[in-house]
Amino acid sequence: MNRVYNFSAGPSMLPEEVLKTAQQEMLCYGDSGMSVMEMSHRSKVYESIIYGAQDLLREVMNISDDYEVFFLQGGASTQFAMIPLNLMNKNNKADYIITGQWAKKAFAEASRYGEARKIASSEDQVFNYIPKVDASMIHQDSDYVHITLNNTIYGTMFHTLPETGNVPLVADISSMVLSEPIDVNKFGLLYAGAQKNMGPAGVTVVIMKKDLIGNAMDCTPTMLKYETHVKDRSMYNTPPTYAIYICKLVLEWVKKMGGTAALKEINTEKANLLYNYLDESAMFRGTVVKEDRSLMNIPFVTDSDELNQKFIAEAAAKGFVNLKGHRTVGGMRASIYNAMPVEGVKSLVDFMKDFEAKNK
Ligand SMILES: *Cc1c(COP(=O)(O)O)cnc(C)c1O
């Protein structure tokens, strides 16, 4: 069977080149005589993989020495708890901007540990826009402000960051990490589950300003303190060794592609192909306010549920899979992460045009 165009929101497509390298190295990595899965995480050869991946991430994201880079487990969802446990430590207060399900979950978790305050929300319009936040809305006694930079389910993105003054900005970048340049210096902490745009499920990347580390609440489990993971460079216990190895291959690919700036150009080209068609189509339309559109996740609908179902089924039969939208939005969603080639989006748009002509 041929590989399909996989529009899954996550776990999602990986670059074919990465999969081929992994295949070649599966039985025997370098001259180690074993697969990466079989190695001690304390071996020299594995150290070259995990430290190599950390160094590459620093390079492609332009991360300064003021920041620590961690490879953790538990997904982005564990960060929803780790962040308040480690950062809500001065005034026991934090501000949350609610732009989707993931932001809501992060807020709910933080509410268990302190006073989490919802300062803005777009729930009134099923999260189809990014609420305006001006500096006066930020509580200056907050220990941090939390945002979801790209909203995977609803297809919105913050194109400008809220001004938070001296309050550290914390962002969930799960579904946009490596898709475009980010000015890391504007943030206190960034986190991402790898399975959207960086590698396989099982590893979570955290980039954290060093001066924020070391003030976790007393009740914090050892494994959930960032401090624990500084000492041994993410090797306090056994890390998800194979997932980190694949991330390293993805990071090498990102570098080879010309880095995040070059990827942003390609991602913009892909997104424009689909958005331009959605804007001119009489059958399909995007669900998001134009100025807040995501480059990575593009939800769209027709006016009929029946037609949506028909479209999803016929698309899948043609090799365009995982186009079903999230249950709270309905319709369709195309996730077009870094690994989706321009050709995949072009072919999808051609298929949509054809479907529209046949189902007028
Ligand atoms: C997928 C996703 C999550 C959840 O990630 P897990 O690794 O499954 O916990 C959180 N935030 C965003 C923005 C996501 O896209």
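Here are the numbers for the structure shown:
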| read-out | value |
| --- | --- |
| Whichever lysines have a C-alpha closer than 28 Å to that of Lys310, once near sequence neighbours (fewer than 8 apart) are set aside | Lys196, Lys270, Lys290, Lys318, Lys324, Lys346, Lys353, Lys358, Lys360 |
| Principal axis box of the range 163-293, alpha-carbon based, largest edge first, Å | 58, 37, 26 |
| Gain in span if fully extended, Asn237 to Arg327, counting 0.36 nm per residue against the direct Cα distance | 28.7 nm |
| Values of log10 I(q)/I(0), in the order q = 0.16 Å⁻¹, for the range 72-147 under a Debye, Cα-only, solvent-free model | -0.55 |
| Exposure ranking of Phe107, Phe311 by accessible area [1.4 Å probe, largest first] | Phe107, Phe311 |
| Å² of accessible area per residue within the range 51-133, as computed with a 1.4 Å probe and no ligands counted | 40 |
| Ranked by how many other beta carbons lie within 10 Å on average, peptides 152-159, 231-238, 324-331 from highest | 152-159, 324-331, 231-238 |
| The chain - mean residue ellipticity at 222 nm from DSSP helices (-39,500 (n - 2.57) per run, n ≥ 4, rounded to 500) | -11000 deg cm²/dmol |
| Pair-distance profile P(r), taking every C-alpha pair of the range 281-360, with 5 angstrom steps and integer % | 3, 14, 27, 29, 19, 7, 1 |
| Hull shadow area, averaged, the chain [alpha-carbon convex hull, nm²] | 18.2 |
| Inter-probe distance in nm under a simple model that places probes 7 Å from Cα toward Cβ, at Gln73 and Glu115 | 3.7 |
| Under the span-like rule (Cα at least 20 Å along the axis, Kyte-Doolittle mean at least 0.5), DSSP H helices of the chain | 241-256 |
| Residues listed by number, the range 9-29, amide nitrogen under 19 Å from Asn2 label point at 7 Å toward C-beta | 13-17, 20 |
| Nearby aspartates and glutamates by direct alpha-carbon distance to Lys255 (threshold 16 angstrom, same-chain neighbours under 8 apart not counted) | Glu16, Glu17, Asp55, Glu59, Glu180, Glu265 |
| Carbon plus sulfur fraction of accessible area for the chain, probe 1.4 Å, in percent | 49 |
| Surface per residue (accessible, 1.4 Å probe) for the range 258-348, Å² | 44 |
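The values are calculated or read from the model by the stated rules, or taken from the named source; none is laboratory data. Note that the structure is a prediction, hence the values are computed from the model and not measured. Glycine also receives a Cβ, built like all others from the backbone with ideal geometry; neighbour counts cover every protein chain displayed. In case anyone asks, the SASA skips ligands and DNA or RNA and just uses the protein heavy atoms, side chains included. Shrake-Rupley method; radii C 1.70, N 1.55, O 1.52, S 1.80 Å.
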